[in-house]
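Just below is one structure, and these are the notes that go with it.
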Amino acid sequence: FFLMIRRPPRSTQSRSSAASDVYKRQLQDVHDDTTLLYIFRHLPGYVEALFALKVYLRKYFLFVLERWTSSPNMRVKLRAFLFVRKIAQISDTSFLEAVIKRTYVTMVKSAREMSWRAFEGLIFMINGFVELLSIDIDTSYYLAFGFLRQLAMHTKAVLKQKTKETIHKVYNWQVLTSLRVWLKAVATYPKEEQLGGLLYPLVEVANTLLHLYLSLIHI
């Protein structure tokens, strides 16, 4: 298994077959950090070959993404992110869109519960995600607009029936994480031709959520 990673076959087809074989026989059962770090260190070298067999590319991607969000080990998170970034860098527009979407959704879902240690990992993931957005700023703008619109509609629905129970649907770590992500993204790419055009709707959503949170005091 380790020799297979160190000395991959030369042809794309044989490298793809080797990578799929590693996934089926080994990767699904790996949980300890030492082995994960070793595998993640070598996985980027297989990315181009995996594009020839996208069903396994998707499986590798989802496996690594899950470890990126769930592992408390920052070295594992870093190696996992480098693999995700490698995929994003050589993807076409449609596949890049899928990568960014899945990365964002997985990251936000992982923020259900929070502790000081988990918060450190969350900030690391947000910084990494914002870096991914720079690969194709037009695609990132399109996706950011959609996610912000979704958040705004969710908030608007809560406003129609403002009770303690409904407010708690947007008063949680996942919504706060989503807001933090886009605030960071717009601050990082503030020009009009980047994500600057999202500043006004973002501020509107943030302001509405702030007032909702404050209204909990009086309910």
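When residues in region 138-180 are screened for being open to solvent by 40 Å² or more (accessible area, probe 1.4 Å), part of a helix (DSSP H, G or I), more than 12 Å from LEU209 (Cβ to Cβ) and without any contact (Cβ under 8 Å) to a residue 60 or more places away in the chain, 11 of them pass. Reported count of residues in region 181-199, each being assigned to a helix (DSSP H, G or I) and aromatic (Phe, Trp, Tyr), is 1. Of all the residues in region 44-59, those that are touching a Pro at 6+ places or on another chain (Cβ under 9 Å) and crowded, with 18+ Cβ neighbours inside 10 Å number 2.
Is one or more of the residues making up region 89-105 over 30 Å from ASP33 (Cα atoms), in contact (Cβ under 8 Å) with a residue 40 or more places away in the chain and part of a helix (DSSP H, G or I)? Yes, the conditions are met somewhere in region 89-105. Of the residues making up region 89-113, just one is open to solvent by 50 Å² or more (accessible area, probe 1.4 Å), farther than 16 Å from LEU57 by Cβ and of a type in the set (A, V, I, L, M), namely VAL105.
Within region 192-211, residues that are under 24 Å from ILE167 (Cβ atoms) and among the small types (Gly, Ala, Ser) have Cβ atoms under 8 Å from residues that are assigned to a helix (DSSP H, G or I) and modelled with pLDDT of 90 or more in these pairs: ALA206/LEU179; ALA206/LEU183, counting only partners at least 6 apart in sequence or on another chain.
In this structure, is LEU62 open to solvent by 60 Å² or more (accessible area, probe 1.4 Å) and either under 27 Å from PHE145 (Cβ atoms) or not basic (Lys, Arg) (or both)? No, not satisfied.
Entry remark, region 114-133: residues being assigned to a loop (DSSP other than H, G, I, E, B) and surrounded by fewer than 13 Cβ atoms within 10 Å (Cβ to Cβ) number 1 in total. In region 3-21, the count of residues that are loosely packed, with under 13 Cβ neighbours inside 10 Å, at pLDDT below 90 and of a type in the set (A, V, I, L, M) is one or more. Residue selection: PHE81 satisfies the criterion of being open to solvent by less than 20 Å² (accessible area, probe 1.4 Å) and modelled with pLDDT of 95 or more.
Filtering PHE51, PHE61, PHE40 for residues that are at pLDDT below 95, of a type outside the set (Asp, Glu) and farther than 26 Å from LYS184 by Cβ leaves a single hit, PHE51.
The values are calculated or read from the model by the stated rules, or taken from the named source; none is laboratory data. The structure presented is a predicted model; accordingly, all values stated were derived computationally and were not measured. Backbone-built Cβ (ideal geometry, glycine too); neighbour counts: all protein chains shown. Ligands, DNA and RNA are stripped out before the accessible areas are found, and what is left, the full protein with its side chains, is counted by its heavy atoms. Shrake-Rupley method; radii C 1.70, N 1.55, O 1.52, S 1.80 Å.
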